[in-house]
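Structure first, then comments.
Laboratory data are not the source of any read-out in this text; all were calculated from the coordinates shown. From a predicted model like this one, the values you see are computed outputs, not experimental measurements. All Cβ positions, glycine included, derive from the backbone under ideal geometry; neighbour counts span all protein chains shown.
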Amino acid sequence: LGFLRPSAGSRPPRLSLLQDPVLGFLLPLVHAPPPLSGRRLAVILSGDCQSCVRRSLLSVLDRLAELDVRVVVVYLQAPDEAAKAAISAKAKVDFVSDLGGRIHKALNAAFIPRVYVYDSNLRLIWKQDSPSLKEVEDYAKR
């Protein structure tokens, strides 16, 4: 389980949705969470390819704009200033570096970007089960 760098010619490990956290799962904290004031928290796992996922992240943020949520984008490396600027221009977003991959592993980042929504007590209430942004859009319309 996790993000292991494959050696030349090898295939990356397959992650399965069977390894997903269950609803009610408490958010594994690396940093103190942003103040929620009764709002939900959307955690977006984005991996380590900032330029690859920037467009996808902006699409996800468009779909989450309908919700009154606090958004945290979790990178496997320190986010660069260009990524922060592009994403922050779209929405109020906090950035977290998950350098050891602890959050990505705990939440089973089977694909990226991937969205998880937590209640104000930091318990999982919804997770994206497919790479399709339609799923995020449908959740935002509820």
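A few notes on this one:
- The calculated FRET efficiency for residue 22 paired with residue 97, based on their beta-carbon distance and R0 = 35 Å, is about 0.85.
- Taking a straight line from the alpha carbon of residue 105, these lysines sit under 21 Å away, with near neighbours fewer than eight places off in the same chain left out: 127.
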